[in-house]
Structure formats: structure tokens, C-alpha cells
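Heads up: the structure comes next, in C-alpha cells.
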Amino acid sequence: MPQLIDGKAISAQIKDEVKEKVRQLKEQGISVCLAVIQVGEDPASSVYVGNKKKACAYVGIESLSYELAEETTQEELLSLIRELNEKKEVNGILVQLPLPGHIDEDAVIRAIDAKKDVDGFHPQSVGALCIGQPGFVSCTPAGIIELLKRSNVEIAGKECVVVGRSNIVGKPMALLLLRENGTVTVAHSRTKNLKEVTKRADILIVAVGKPKMITGDYVKEGAVVIDVGIHRNENNKLCGDVDYEDVSPVCSAITPVPGGVGPMTIAMLMYNCANSVCLQ
């Protein structure tokens with residue numbers, strides 16, 4: 001049986017550490033405040049926003065909630081972001097994605113003050129990560145590094161393969177693994193001979209967005225497998241990008257879906273919020 005990398009337990013540890021940090025800041029008269037903006041009523045987004053509010057309440061971070069109608073214009077949204085940029089008491093600004101089709105996500109991300117960009121999506125945050133400067137790191141990849149470290153998985157010197165090249169997971173993931181001295185290959189849906197590439201990996205991170213795409217024959221014996229995907233299968237049960245039953249007998253450690261990477265994203269958002277005070 002492979003080691004099960006328990007994202008619920010590790011995320012709870014991180015939230016408890018953040019709670020203690022927030023308590024210490026409060027003793028110094030410093031409070032932490034996150035503004036969360038949701039446009040429209042996408043059901044999945046509403047669940048995520050609700051979970052973020054719960055996490056804020058748990059760690060002691062104040063949360064301001066802005067639930068805007070689907071037909072909110074881009075200019076109205078940008079105006080609200082500018083207002084929150086100016087508010088000294090707001091430390092972090094988070095705009096829940098995806099946004100309705102008539103709003104340019106890139107323009108919205110760029111409008112957030114980089115010092116309040118707790119999602120780590122602003123070009124300045126991404127650039128800082130590229131050149132090893134301090135700044136916010138996208139929460140999912142940052143959470144995966146914590147999962148590996150806290151599960152005693154050595155990254156330095158290891159062959160790491162990331163399947164997926166999105167701006168939110170794949171690219172920052174590769175940069176973070178490099179920062180930890182991993183040897184990194186980024187693969188994707190267009191990679192030729194993908195199985196040959198993934199079978200080299202000591203650490204395989206899958207964020208390709210296709211249910212159960214990675215089966216046992218993609219995985220090297222004894223590899224560590226991190227599954228970033230989340231989907232519903234034909235029976236409406238949650239599953240990932242990795243075929244868990246097929247891969248488990250081959251690997252040495254694996255994240256489940258649900259309960260693996262998912263809880264880490266919100267834990268790292270709380271971590272970024274607490275750290276925003278230092279960056280500001």
C-alpha cells in the first residue's frame with residue numbers, strides 16, 4: 001500500500017500555525033483582513049467562497065464579502081478593486097474566478113495591487129517567483145510543496161514531471177520545484193510519448209484537467225504522485241486526473257481526491273493573507 005498524503009490533516013496543521021500567527025499580530029495591534037469578490041452565482045464558486053469565509057473565521061482573519069450581480073460591468077468591478085487597493089485596513093483582495101464572459105480576467109488580475117494579491121496571480125507576483133524575489137505564490141502549487149515537505153518527500157535532486165502548463169498551477173509548480181532543487185520537466189496534452197516522459201518521474205504532479213487520464217502505465221515504480229484534478233465521474237463521485245485504483249499499486253505515495261490537494265489551496269490562501277502584513 002502506498003503512503004496516503006493526507007491534505008486534510010496537513011492543511012489543518014497549516015491553518016493552526018496561521019491562527020497562532022494572526023493571534024500574535026493581534027497582540028501587536030495588527031489585524032488581518034481579506035476582501036473576497038464574487039461576480040455572479042456560479043455554484044462551484046459559491047462553495048469555494050463559502051469555504052474561504054469559514055477558513056478566515058477559523059484563523060481569526062476578518063473577511064469582507066462582495067457578492068456582485070452577473071451583469072456587473074467590468075468598470076464597476078475595477079472601480080471596487082481600486083477602492084479596496086486604497087483601503088489600508090484591507091490586506092488581501094481575492095476575485096473569485098471564473099468571471100462572467102463579458103469581463104476580462106487579465107485586466108481584473110492586473111488591477112489588484114500586487115502587495116494585496118494573495119492569490120499570487122498578478123504578473124508582478126509571477127515575475128518575483130521567476131527570479132526568486134519575495135512575493136505571493138499561487139496557492140495550489142505552494143500547497144503541493146508543503147504536502148511534499150510535510151510528508152518527508154525529498155525534492156532536491158529528484159526527477160520531477162509536471163503534466164499541465166496553466167498559469168495557475170503548471171508553470172508556478174515547475175518554478176517552485178526548481179527552487180527546491182528538483183530537476184523539472186513540464187509536459188502537457190501535446191507532449192509526444194507522454195508515457196515515456198512521465199515514467200522518468202520520481203515526483204509526478206498531474207494538473208491536466210482530464211478525468212483519470214494517468215493510469216499505472218504512466219507511472220514509474222515507487223514514484224510519488226500528486227493529483228491536482230477534480231471532476232465528477234459518471235456516478236457523480238469525485239475523481240482526479242489520476243486513476244487512483246490503477247496507480248496506487250505502482251507508486252510509493254499518492255494524494256487522494258477529494259482530501260489531497262484541495263484543502264491545501266485554502267490553507268495556503270490563509271498563509272498568504274497572514275504574510276501580506278509583512279509584505280506591506
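Derivation of every value follows stated rules applied to the coordinates shown; laboratory data play no part. Please read all numbers here as calculations on a predicted model, not as lab measurements. Don't worry about glycine lacking a Cβ; one is built from the backbone with ideal geometry, like all the others, and counts go over all protein chains shown.
So which residues in segment 260-280 are more than 14 Å from the chain's Cα centre (by Cα) and in a loop (DSSP other than H, G, I, E, B)?
Within segment 260-280, Q280 is the sole residue that qualifies.
Name the pairs: first residue in segment 168-182 and more than 17 Å from A207 (Cα to Cα), second residue of a type in the set (V, I, T) and assigned to a helix (DSSP H, G or I), Cβ to Cβ under 8 Å, at least 6 apart or on different chains?
The qualifying pairs are E180/I145.
Being out of contact with any Ser or Thr (no Cβ under 7 Å at 6 or more places or on another chain), touching a residue at least 12 places away in the same chain (Cβ under 8 Å) and within 29 Å of R150 (Cα to Cα) is true for just one of Y48, Y66. Which residue is that?
Y48
Run down V242, V257, V197, V228 and say which single residue is more than 25 Å from R150 (Cβ to Cβ) and of a type in the set (A, V, I, L, M). Full working, then the answer.
Numbers: V242 fails: more than 25 Å from R150 (Cβ to Cβ); V257 fails: more than 25 Å from R150 (Cβ to Cβ); V228 fails: more than 25 Å from R150 (Cβ to Cβ).
Exactly one of V242, V257, V197, V228 is more than 25 Å from R150 (Cβ to Cβ) and of a type in the set (A, V, I, L, M), namely V197.
So which residues in segment 176-212 are of a type in the set (A, V, I, L, M) and over 14 Å from the mean Cα position of the chain (by Cα), if there are any at all? Lay out the reasoning, then the answer.
Initially, segment 176-212 is screened for residues of a type in the set (A, V, I, L, M), giving 176-178, 184, 186-187, 194, 197, 201, 203-208.
Passing the criteria: L177, L178, V184, V186, A187, L194, V197, A201, I203, L204, V208.
Determine, yes or no, whether L204 is within 17 Å of L4 (Cα to Cα) and touching a Gly at 6+ places or on another chain (Cβ under 8 Å).
Against the criterion (within 17 Å of L4 (Cα to Cα) and touching a Gly at 6+ places or on another chain (Cβ under 8 Å)), L204 does not qualify.
Pairs, please: C-beta under 6 Å, at least 6 apart or cross-chain, first residue in contact (Cβ under 8 Å) with a residue 12 or more places away in the chain and in segment 2-21, second basic (K, R)?
Going by the 6 Å Cβ cut-off, the qualifying pairs are I10/R150.
Where the second residue is hydrophobic (A, V, I, L, M, F, W, C) and surrounded by fewer than 15 Cβ atoms within 10 Å (Cβ to Cβ) and the first is more than 16 Å from V163 (Cβ to Cβ) and lies in segment 238-252, which pairs have Cβ atoms under 9 Å and are six or more apart or on separate chains?
S248/M1; P249/M1
Applying the selection to segment 18-28, what residues are exposed (fewer than 14 other Cβ atoms within 10 Å of the Cβ) and either in a helix (DSSP H, G or I) or of a type in the set (V, I, T) (or both)? Spell out the reasoning first.
If we filter segment 18-28 for residues that are exposed (fewer than 14 other Cβ atoms within 10 Å of the Cβ), which is where we start, we get 20, 23-24, 26-28.
The answer is E20, R23, Q24, K26, E27.
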